[in-house]
1. Would you confirm, using the coordinates I've provided, whether Y335 is in contact (Cβ under 8 Å) with a residue 60 or more places away in the chain and either buried (at least 18 other Cβ atoms within 10 Å of the Cβ) or basic (K, R) (or both)?
2. Out of the residues in segment 234-252 meeting the condition of being touching a residue at least 60 places away in the same chain (Cβ under 8 Å) and outside any loop (DSSP other than H, G, I, E, B), tell me which one is surrounded by the fewest Cβ atoms within 10 Å (Cβ to Cβ).
3. If the Cβ limit is 9 Å and pairs must be 6+ apart or interchain, which residue in segment 141-155 that is without any contact (Cβ under 8 Å) to a residue 40 or more places away in the chain and farther than 13 Å from L129 by Cα pairs with which residue that is among the polar types (S, T, N, Q) and outside any strand (DSSP E or B)?
4. Condition first: over 21 Å from A64 (Cα atoms) and part of a strand (DSSP E or B). Can you find one or more residues in segment 150-157 that meet it?
5. Scanning for something charged (D, E, K, R) and in contact with a Cys (Cβ under 9 Å, 6 or more places away or on another chain), does segment 264-286 turn up at least one residue?
6. Determine if segment 253-260 includes at least one residue that is modelled with pLDDT of 95 or more, in contact with a Leu (Cβ under 9 Å, 6 or more places away or on another chain) and part of a loop (DSSP other than H, G, I, E, B).
7. When you scan segment 303-316, do you find a residue that is assigned to a strand (DSSP E or B) and touching a Lys or Arg at 6+ places or on another chain (Cβ under 6 Å), even just one?
8. If you take the residues of segment 123-143 that are assigned to a helix (DSSP H, G or I) and touching a helix residue (DSSP H, G or I) at 6+ places or on another chain (Cβ under 9 Å), which of them is surrounded by the fewest Cβ atoms within 10 Å (Cβ to Cβ)?
Amino acid sequence: MKNHQLPRHIRVSGYRGGHVQGIAVDRAREFMYFSFTTTLVKTDMSGRVIGSVGGLAGHLGCIAYREEDGRVWGSLEYKHDSIGKEILNRIEREEDVRDGFYIVMFDVDKIDRIDMDAESDGIMRAVYLREVCEDYAAEGHRYGCSGIDGVTFAPAPGVTNGAQDLYVAYGIYGDTSRRDNDHQVLLRYHADALLRYAAPLDQNNMHNEGPTHPDGKYFVYTGNTCYGIQNLEYDAARGHMMAAVYRGEKPQFPNYAMYFIDCTRPPVRVPLAGLDEEGDTLCLADFGERDESSGIRGSNFPLGATGMIALGDGLYYFSKKFRDDDGHGSDVYLYEENEGAVGGLTPI
């Protein structure tokens, strides 16, 4: 599908498993994908539903389409905090599910009807993320780790023409009394290597198949946010990752709604603010607004936390959640670059 043929508005609604968490697109075959917390939905580019996959007792977050294997990848977390308990109550599942954090891959070619099951229909495979589990389980939740959410594919930092690796962003608890939760945390994995671990997920007996360590672990100083990076999207034209968040509440920070992580520069190992350790840090791009007191850059652009796609040629899709009598829905709008607008973007 060429850019001039892209629809300006796509609407999908009627889902009760949770609000929209992320969107993805297969431009070649003209399919859209929506994550509604416990359900993955497949539509055509007009929003007509082709099929859906449920049966998840965890939180399916940000999603991304990978052209190399024709799968939709996403973050999936199982935990016993307020978010996890709300999900189990919503789907009326009585069985206990242990804590676990996974990257999942959906064989979307198999999605051809409504209400398919991620387990029994053989659509989803999962990779266990040991690094996340260890940080989450550490006393006090190391780095404020509340799990995972944002995912995208991008080259290794400082590599302009390298392979597209998978990045997954931590959720970060928004505790305003802490000083050790003011970084965003990103893990990088070689995507093809992850596929070697991918296995079906039995939610009653979840596996631990996954790499011992990530291929990179990076820190980005933004100030605290409410639950970290909700959506992550690599913008190849600009050379940065767009990181949409729920605004933080610490008054010493600008608390932007979106940050832009520079992918053109390699990481620098430095002492981490608020932590008694060093880490590989990525810098924010010279883009958007700049807060003079902290030096932090970002944007007050209000969309992106529930889904965004960089389409190329200065075009973007952003999801806006809504709820009506039928359940949760998503309005997806087409935006274009506009240097004079908030976030440099305006709707078409």
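The values are calculated or read from the model by the stated rules, or taken from the named source; none is laboratory data. From a predicted model like this one, the values you see are computed outputs, not experimental measurements. With ideal geometry, Cβ positions are generated from the backbone for all residues, glycine too; neighbour counts draw on all protein chains shown.
1. So Y335 does not fit the description; no.
2. Only one residue tops the list, namely Y234.
3. From residues that are without any contact (Cβ under 8 Å) to a residue 40 or more places away in the chain and farther than 13 Å from L129 by Cα, the pairs are H141/N181.
4. No, segment 150-157 contains no residue that is over 21 Å from A64 (Cα atoms) and part of a strand (DSSP E or B).
5. So far as segment 264-286 goes, yes, one or more of its residues are charged (D, E, K, R) and in contact with a Cys (Cβ under 9 Å, 6 or more places away or on another chain).
6. Looking only at segment 253-260, we keep the residues that are modelled with pLDDT of 95 or more, and these are 253-260.
Retained after the next criterion (residues that are in contact with a Leu (Cβ under 9 Å, 6 or more places away or on another chain)): 257-260.
If we keep only those that are part of a loop (DSSP other than H, G, I, E, B) as well, we get 257.
Within segment 253-260, one or more residues are modelled with pLDDT of 95 or more, in contact with a Leu (Cβ under 9 Å, 6 or more places away or on another chain) and part of a loop (DSSP other than H, G, I, E, B).
7. No - not one qualifying residue is present in segment 303-316.
8. For segment 123-143, the residue satisfying everything is E134.
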